[in-house]
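One structure below.
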Amino acid sequence: MVKNKFSFILFTTAVLIACNSRPQQQLDLKQVRTFVEAQNVKWFDAVRQYDVPSLLSLYTEDATLMPPNFPMLRGKRQIKAYYDRMTIRKIKISKGVMNILELSGKDSTVYEIGQYIMDIERPAMQPVSDTGKYNTIWKLQSDGTWKIYADCWNSNKPLKLIPQNN
C-alpha cells in the first residue's frame, strides 16, 4: 500500500512538472539576423541625421556603450550625453555599413560580431574613412523586439594622438 502511494505521488509529481514546464522556443537566428541588419541601418541613419532620440530607441534602458578611446557609458542618460556630444561637435558619419560575421545566441540574448566601414566628416578637417570591428549584445524585449544591451567598437587603424576640442 505504501509502495502504491509513493508510486502515485511520484507519478503525479512527474505529470505536474511535465505539464508546467514549457519547451523552450527555438531561437530563429535567421529572423533575428534580418531584424539586427535593419537596426544597424537605422543606427547609421540616426547618426547621419543627428537623431539622438532614434539612436536611444535602439538601446535597452540599462545598456552599456563602449566607444573607442572613451570611458564606458552605462544607461541611456550617459549614452545620450555621448551622442549629444557628437551632434554638438558636428561629427557626422556620412556613409556606413556593418557586415555581420557571426550572430549567435539562445533564449533572449544574441551576440553579433562584425566589421564596419564608415566615412566620417568633422568641421575644418578632411573627411576620413575608417574600418574596424564591433561586438554587440542584443536582448529580447517583452514586445518581441531586440534592443542593444552592450555595444563596443574600435578602429583597425593605429591611434593618432590628436588634441580634442571640448
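Values in this text are rule-based calculations from the coordinates and carry no lab data. Just so we're clear, the structure is a prediction, and the values are computed from it rather than from any experiment. Cβ atoms come from the backbone with ideal geometry, glycine included; neighbour counts cover every protein chain shown.
Before moving on, here are some points about what is shown:
- Panel order for V41, V52, by other beta carbons found within 10 Å of each beta carbon, from fewest to most: V41, V52.
- DSSP beta bridge pairing in the stretch 53-166, given as percent antiparallel to the nearest 5: 90 percent
- Estimated FRET transfer efficiency (D62, R85; beta-carbon r; R0 22 Å; 0.05): 0.60
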